[in-house]
Amino acid sequence: GEDFAGPLSSVLVSECCQGMLDVVDVNTGQLFTRSWCLFEHHLLFRQPDKHLELAAPGRHDNALVITQGVSELDRTDARLHVSNPGAIKAAREFGFPIAALAP
């Protein structure tokens, strides 16, 4: 592997890091506006075992999260009485303001 000297980059390439969560500003839709953000994502995407998730504020003081794949909560959430984790994931992600990411 490559040697990265910075503390954050060292964490991103470490085995204990599972991935990254980006919080979307729904007012501006801006992501990756600073060079170090692009560098962090470059490091993350070079490691196929890491994942990226997006979060945005919901209407009722909750977070709306898009996950890469089905989450552990999707697999175990009995409140929805649905045996298909993919359907639970789709319902959970339905309200995410994806339009805020469009340029």
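The values are calculated or read from the model by the stated rules, or taken from the named source; none is laboratory data. Quantities reported herein were computed from a predicted structural model and do not represent experimental measurements. Positions of Cβ are backbone-derived with ideal geometry, glycine not excepted, and every protein chain shown enters the neighbour counts. Please note that ligands, DNA and RNA were not included when accessible areas were found on the heavy atoms of the full protein model with its side chains. Shrake-Rupley method; radii C 1.70, N 1.55, O 1.52, S 1.80 Å.
Side notes on the structure shown:
- Within the range 62-93, the residues that satisfy the criterion of being surrounded by fewer than 15 Cβ atoms within 10 Å (Cβ to Cβ), under 25 Å from HIS41 (Cα atoms), modelled with pLDDT of 85 or more and not aliphatic (A, V, I, L, M) are GLN68, GLY69.
- In the range 51-61, of all residues being at pLDDT below 85 and out of contact with any strand residue (DSSP E or B) (no Cβ under 6 Å at 6 or more places or on another chain), the one that is most open to solvent (accessible area, probe 1.4 Å) corresponds to ARG59.
- Counted residues, the range 30-50 - those being surrounded by 15 or more Cβ atoms within 10 Å (Cβ to Cβ), within 15 Å of the chain's Cα centre (by Cα) and of a type outside the set (A, V, I, L, M): 3
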